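Engineer: Dumping the structure here so I can ask a few things about it.
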Amino acid sequence: FAERAVRFRRHYTSGNRTARALFGMFYGLHGTYWPAFREAEKPPVLMDVLRAQGYQLGLYNSAKFTYPEFDRTIFSGVPPEMLHDDHTGLSWERDRKNVDDLIRFMDQRDPERPFMAFLFFDSTHSRYYFPPESALRKPYLEDVNYVTMDLERDGELLKNRYINSCHYMDTQIGRVLAYLEEHDLLDSTIVVIVGDHGEEFDE
């Protein structure tokens, strides 16, 4: 998919944590404005326009919409029942379930109306969970404990674990892209795949 899409190789985040980073993506403002918009509970113009134009919303989060407070910023004004963030199981299990639910949403939507989907994955967030069959790099750190970890001893193993979680994430994004392609939606859908911020490995 990346080979036939536009790739931005020099990209910058508006903050080094999720709240400020996603704020910048949706609002086009620097991440330092996050607290003021959170207090005002003011959504971005993008979401106002999509809702005004009758877009169907499929919003799924493998973390929480309340932390950081996307429910009071990016998706402020969206009815709570439309914010899906079941928080049971490991992150990779939640990611898989959310892809299942997103595909179900696309199947059941009104095809005469436009839709906007949002899926926030969590597998590549520390502690980097993935199912055993997604272990591309071995060996990897079996237990991520930042108190007992030793950079010299565990650094490369930690990175391997992260790469395995990225590999798993690719399979889940692939499921969404395959659905869009199979249903002739890919050419008429803008797909944005982006990380909210960088990652360090205890450097």
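The values are calculated or read from the model by the stated rules, or taken from the named source; none is laboratory data. Treat the numbers as computed from the prediction; the structure is a model and nothing was measured. Ideal geometry is used to build each Cβ from the backbone, glycine not excepted, and the neighbour counts take in all protein chains shown. The protein model used for the area step is the full one, side chains on, heavy atoms only, and it has no ligands, DNA or RNA in it. Shrake-Rupley method; radii C 1.70, N 1.55, O 1.52, S 1.80 Å.
Engineer: Return the residues of region 20-39 that are free of Cβ contacts under 8 Å to residues at least 12 places away in the same chain and either in contact with a strand residue (DSSP E or B) (Cβ under 9 Å, 6 or more places away or on another chain) or open to solvent by 70 Å² or more (accessible area, probe 1.4 Å) (or both); say none if nothing qualifies.
Structural biologist: Tyr33, Glu39 - these are the residues of region 20-39 that are free of Cβ contacts under 8 Å to residues at least 12 places away in the same chain and either in contact with a strand residue (DSSP E or B) (Cβ under 9 Å, 6 or more places away or on another chain) or open to solvent by 70 Å² or more (accessible area, probe 1.4 Å) (or both).
Engineer: Looking at Glu200 and the list (1) open to solvent by 60 Å² or more (accessible area, probe 1.4 Å); (2) within 24 Å of Asn16 (Cα to Cα); (3) touching a residue at least 60 places away in the same chain (Cβ under 8 Å), which single condition is not satisfied?
Structural biologist: Answer for Glu200: the failing condition is (3).
Engineer: Separate question: Output the residues belonging to region 161-179 that are surrounded by fewer than 18 Cβ atoms within 10 Å (Cβ to Cβ) and not hydrophobic (A, V, I, L, M, F, W, C).
Structural biologist: Result: His167, Asp170, Thr171, Gly174, Arg175, Tyr179.
Engineer: Run down Tyr67, Tyr128 and say which single residue is more than 20 Å from Glu182 (Cβ to Cβ) and buried (at least 16 other Cβ atoms within 10 Å of the Cβ).
Structural biologist: Tyr128
Engineer: Under the condition of being in contact (Cβ under 8 Å) with a residue 24 or more places away in the chain and not in a loop (DSSP other than H, G, I, E, B), which residue from region 59-72 is farthest from Asp110 (Cα to Cα)? Before the answer, list the steps.
Structural biologist: Keep residues of region 59-72 that are in contact (Cβ under 8 Å) with a residue 24 or more places away in the chain, which gives 59-63, 68-70, 72.
Then drop every residue that is not not in a loop (DSSP other than H, G, I, E, B), which leaves 59-61, 69-70, 72.
Numbers: Leu59: 16, Tyr60: 18, Asn61: 22, Glu69: 29, Phe70: 26, Arg72: 27 Å.
In this case the residue turns out to be Glu69.
Engineer: Take Phe130 and tell me if it is within 27 Å of Gly198 (Cβ to Cβ) and in contact with a strand residue (DSSP E or B) (Cβ under 7 Å, 6 or more places away or on another chain).
Structural biologist: Values: within 27 Å of Gly198 (Cβ to Cβ): yes; in contact with a strand residue (DSSP E or B) (Cβ under 7 Å, 6 or more places away or on another chain): no.
When the stated conditions are applied, Phe130 does not pass them.
Engineer: In this structure, is Asp110 open to solvent by less than 30 Å² (accessible area, probe 1.4 Å), part of a loop (DSSP other than H, G, I, E, B) and acidic (Asp, Glu)?
Structural biologist: Working: open to solvent by less than 30 Å² (accessible area, probe 1.4 Å): no; part of a loop (DSSP other than H, G, I, E, B): yes; acidic (Asp, Glu): yes.
So Asp110 does not fit the description; no.
Engineer: Moving to a separate point now. Got a sec? Which of Ser91, Ser76, Ser126 is in contact with an Asp or Glu (Cβ under 6 Å, 6 or more places away or on another chain) and either over 24 Å from Pro35 (Cα atoms) or among the charged types (D, E, K, R) (or both)?
Structural biologist: On the way: Ser76 fails: either over 24 Å from Pro35 (Cα atoms) or among the charged types (D, E, K, R) (or both); Ser126 fails: in contact with an Asp or Glu (Cβ under 6 Å, 6 or more places away or on another chain).
Step by step, each of Ser91, Ser76, Ser126 is checked, and only Ser91 is in contact with an Asp or Glu (Cβ under 6 Å, 6 or more places away or on another chain) and either over 24 Å from Pro35 (Cα atoms) or among the charged types (D, E, K, R) (or both).
Engineer: Quick one: Asn98 ticks every box in (1) assigned to a loop (DSSP other than H, G, I, E, B); (2) modelled with pLDDT of 95 or more; (3) not hydrophobic (A, V, I, L, M, F, W, C) bar one, so which box is it?
Structural biologist: (1)
Engineer: Let me ask something additional. Check off (1) farther than 27 Å from Tyr129 by Cα; (2) open to solvent by 70 Å² or more (accessible area, probe 1.4 Å); (3) touching a strand residue (DSSP E or B) at 6+ places or on another chain (Cβ under 9 Å) for Gln56 and give me the number that stays unchecked.
Structural biologist: (2)
Engineer: Picking from Glu182, Glu133, Glu152, which residue would you name as being surrounded by fewer than 17 Cβ atoms within 10 Å (Cβ to Cβ) and at pLDDT below 90? Don't jump to the end; show me each part of the working.
Structural biologist: On the way: Glu182 fails: at pLDDT below 90; Glu133 fails: at pLDDT below 90.
Selected residue: Glu152, the only one of Glu182, Glu133, Glu152 that is surrounded by fewer than 17 Cβ atoms within 10 Å (Cβ to Cβ) and at pLDDT below 90.
Engineer: Scan region 73-86 for residues that are free of Cβ contacts under 8 Å to residues at least 24 places away in the same chain and under 16 Å from Ala117 (Cα atoms) and jot them down.
Structural biologist: Within region 73-86, Pro79, Pro80, Glu81 meet the criteria.
Engineer: Also, I was wondering about something else. Considering only region 44-58, I want to know if a residue exists there that is more than 29 Å from Leu180 (Cβ to Cβ), touching a residue at least 12 places away in the same chain (Cβ under 8 Å) and among the hydrophobic types (A, V, I, L, M, F, W, C).
Structural biologist: Checked against the condition, which is being more than 29 Å from Leu180 (Cβ to Cβ), touching a residue at least 12 places away in the same chain (Cβ under 8 Å) and among the hydrophobic types (A, V, I, L, M, F, W, C), region 44-58 yields no hits at all.
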